[in-house]
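Undergrad: Have a look at the structure that comes next, please.
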Amino acid sequence: MARRTAGIGALVIAVVALVAVGAVAAIRPTVSTAGTAALPAAPPIHAGTDPVLKSIAEQPNPLWRVDAHALFGPQTSPKYLMTVAADEKIAVVEAQSDDPNLNGAIMAVDPQTGKALWPAPSGFQTSKCAISRDGRIGCVQYTDRSEKHAVLGIIDPATGNLISSKPINSPGYAAIERAGDGFLIPTSAYSADISDKTITLNWFSSDGARSWTRQAATNLDNPELSEAGNVVVLASYNDGAQAFGLDSGQLLYDGAADLKRAEGDGTHSATIQIIASAEGFAVSLADSSGQNDHVTMFDRLGIQRRVLDGWQLPFIPDATEGDVIPVYRAVDNDDIAGAYSLADGKLLWQQGGLDYDGGNNLKLVGSDYVMYYNRGGLGDSQDWTVLDAHTGQKVGSLQASIYMDYSGFDGSRIYLTGDMAASEPGPGAISAYDPKHGSAPVWRYKVSQSADDVNVRVVQPWMFRYDASVNGSVAALSRLG
């Protein structure tokens, strides 16, 4: 499930037609890694859904507002109420102090009404939670201030009671996210001189009955997962890439040897990227000669299926729950964008003559759009161009700035967070764009108070406003819609 960003410009409709610059892209089937010509059948794919926001048609307004006294009692005085996890049925709210890394009390609310769903706050204090696909709540609790030891608490969504507690057997800073019917908890630890980083992946089933722990290769980063593809991937463009089975922890791919081969005798520098998808995962290798670029497709078992010659994946691509991935290549100083269907095993489209900086800013939005931001612009402006992911046809443009970044998608509208100018006071605005109906935002939600006092956040699938406790006021939370 994806968590990142990228970006667009003037597009001449005449070049929107498919262009076969040079030879038509070569897609070759591959043989089994065991050396046999016959490949086992690919496992069935269970279509997933990329996370989307609930659509907000007009200028957002508070639908409800609840304060800390109503949720946690009149004796409490937290600095903030923060939504730490949410789905369509429940939002988990933390009573947070000035230190966001300290454990705080949590309470569940109904996202439709703001009413408390538990008779009292949970006895398990935390600052990080996720809600699994099957509706269970998992939260990380540090057991010491050094953040070297933590436990996973599995909490009953109906009562807030702790069902079970499981040790997280890896040191370092922990995050948590939904991972199918379970939770993925990556921990990050650094060497004594902070030159090397090691991520350890911990997965727990939502009932706590099953788990696995795997230490990734040194300096791999940005763990991304696809529930439909049942895979989690990590990479560092110049250190390697790995893929693990999501519910098994089995190592499906290690790119260290491939990267070394791409570097040859050392005369070439080489890079590697990896993307998780509903079909499994894909890996791209490129070297400085530009003659050996290719993307290799693997199924959910880690079996190599196809190779797309002459193309690369974008830089740090977002995982997808769909089967279409963005690709790019450079031919005669022209950065060509395209999209490849992993399910059909074919390049859907390719376009040249685009005003963008290659794969550094080519982004998949849901399973519907590919977008990129244009080179340059007047002052701080930075427009984004939106293409149909399946046809490559231009959908529209977004008027934005270098201070704005992708934050969500509701199936038709694209949400960017940030301001048009660095001088704007307060936290970054959230702007909603409908690329089919003009380049200006449909609406923009902006507050001018200090970001320490008021903030606005997207916690999918909802949008929330946080009002801090300031000068004796009581911290409050609102859902915007």
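Undergrad: Which condition number does residue 300 fail, the rest of (1) buried (at least 20 other Cβ atoms within 10 Å of the Cβ); (2) touching a Gly at 6+ places or on another chain (Cβ under 8 Å); (3) more than 15 Å from residue 226 (Cβ to Cβ) being met?
TA: (3)
Undergrad: If we keep just the residues of the range 358-377 that are at pLDDT below 70 and in contact with a strand residue (DSSP E or B) (Cβ under 7 Å, 6 or more places away or on another chain), which is surrounded by the fewest Cβ atoms within 10 Å (Cβ to Cβ)?
TA: This residue is 358.
Undergrad: While we're looking at this one, here's another question. Only residues in the range 126-144 that are among the aliphatic types (A, V, I, L, M) count as the first member; pair them with residues that are outside any strand (DSSP E or B) and surrounded by fewer than 23 Cβ atoms within 10 Å (Cβ to Cβ), Cβ under 8 angstrom, at least 6 apart or cross-chain, and list the lot.
TA: Short answer, once both residue conditions are applied: 131/87; 131/90; 131/157; 137/90; 137/156; 137/157; 140/127; 140/175.
Undergrad: Something else about it: For the list (1) at pLDDT 95 or above; (2) outside any loop (DSSP other than H, G, I, E, B), I need the number of the one condition that residue 141 fails.
TA: (1)
Undergrad: Does the range 64-81 hold any residues that are surrounded by fewer than 23 Cβ atoms within 10 Å (Cβ to Cβ) and of a type in the set (A, V, I, L, M, F, W, C), and which are they?
TA: 64, 66, 70
Undergrad: With the condition kept exactly as written, say whether any residue in the range 44-62 is crowded, with 18+ Cβ neighbours inside 10 Å and at pLDDT 95 or above.
TA: For the range 44-62, residues crowded, with 18+ Cβ neighbours inside 10 Å and at pLDDT 95 or above: present.
Undergrad: Among (1) modelled with pLDDT of 95 or more; (2) among the small types (Gly, Ala, Ser); (3) buried (at least 22 other Cβ atoms within 10 Å of the Cβ), where does residue 429 come up short?
TA: Every listed condition holds for residue 429 apart from (3).
Undergrad: Can you name the condition, by its number, that residue 154 falls short on among (1) loosely packed, with under 14 Cβ neighbours inside 10 Å; (2) in a strand (DSSP E or B); (3) not small (Gly, Ala, Ser)?
TA: (1)
Undergrad: May I ask you to verify whether residue 203 is among the aromatic types (Phe, Trp, Tyr) and closer than 29 Å to residue 324 by Cβ? Can you show your working first?
TA: Numbers: among the aromatic types (Phe, Trp, Tyr): yes; closer than 29 Å to residue 324 by Cβ: yes.
Yes.
Undergrad: Continuing with this model, one more query. What number of residues within the range 86-103 are out of contact with any Pro (no Cβ under 7 Å at 6 or more places or on another chain) and crowded, with 23+ Cβ neighbours inside 10 Å?
TA: 3
Undergrad: Turning to a different aspect of this structure: Please verify whether the range 386-394 includes one or more residues that are among the aliphatic types (A, V, I, L, M), closer than 22 Å to residue 229 by Cβ and under 16 Å from the mean Cα position of the chain (by Cα). Steps first, please.
TA: Going residue by residue through the range 386-394, those that are among the aliphatic types (A, V, I, L, M) are 386-387, 389.
Add one more test, that the residue is closer than 22 Å to residue 229 by Cβ, and what stays is 389.
Restricting the remaining residues to those that are under 16 Å from the mean Cα position of the chain (by Cα) gives none.
No, because not a single residue in the range 386-394 is among the aliphatic types (A, V, I, L, M), closer than 22 Å to residue 229 by Cβ and under 16 Å from the mean Cα position of the chain (by Cα).
Undergrad: Kindly evaluate residue 281 against the criterion of being over 30 Å from residue 163 (Cα atoms), in a strand (DSSP E or B) and under 21 Å from the mean Cα position of the chain (by Cα).
TA: Numbers: over 30 Å from residue 163 (Cα atoms): yes; in a strand (DSSP E or B): yes; under 21 Å from the mean Cα position of the chain (by Cα): yes.
Taking the combined requirement at face value, the residue satisfies it.
Undergrad: Scan the range 319-346 residue by residue and report those that are surrounded by fewer than 20 Cβ atoms within 10 Å (Cβ to Cβ) and either under 24 Å from the mean Cα position of the chain (by Cα) or of a type in the set (Ser, Thr, Tyr) (or both).
TA: Initially, the range 319-346 is screened for residues surrounded by fewer than 20 Cβ atoms within 10 Å (Cβ to Cβ), giving 330-334, 341, 343-346.
Within the range 319-346, 341, 343 qualify.
Yes/no per residue for (1) touching a helix residue (DSSP H, G or I) at 6+ places or on another chain (Cβ under 8 Å); (2) more than 17 Å from residue 221 (Cα to Cα); (3) at pLDDT 95 or above:
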{"site": "234", "(1), (2), (3)": "no, no, yes"}
{"site": "251", "(1), (2), (3)": "no, no, yes"}
{"site": "254", "(1), (2), (3)": "no, no, yes"}
{"site": "269", "(1), (2), (3)": "yes, yes, no"}
{"site": "283", "(1), (2), (3)": "yes, no, yes"}
{"site": "291", "(1), (2), (3)": "no, yes, no"}
{"site": "304", "(1), (2), (3)": "no, yes, yes"}
{"site": "308", "(1), (2), (3)": "no, yes, yes"}
{"site": "311", "(1), (2), (3)": "no, yes, yes"}
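Undergrad: Taking residue 127 as the residue in question, decide whether it is assigned by TED's automatic domain parsing to the domain that holds residue 186, touching a Phe, Trp or Tyr at 6+ places or on another chain (Cβ under 9 Å), of a type in the set (S, T, N, Q) and surrounded by fewer than 20 Cβ atoms within 10 Å (Cβ to Cβ). Quick ask: steps written out before the conclusion?
TA: Numbers: assigned by TED's automatic domain parsing to the domain that holds residue 186: yes; touching a Phe, Trp or Tyr at 6+ places or on another chain (Cβ under 9 Å): yes; of a type in the set (S, T, N, Q): yes; surrounded by fewer than 20 Cβ atoms within 10 Å (Cβ to Cβ): no.
No.
The values are calculated or read from the model by the stated rules, or taken from the named source; none is laboratory data. What you see is a predicted model, and the numbers here were worked out from it, not measured in a lab. As a convention, Cβ positions derive from the backbone with ideal geometry for all residues, glycine included, and neighbour counts pool all protein chains shown.
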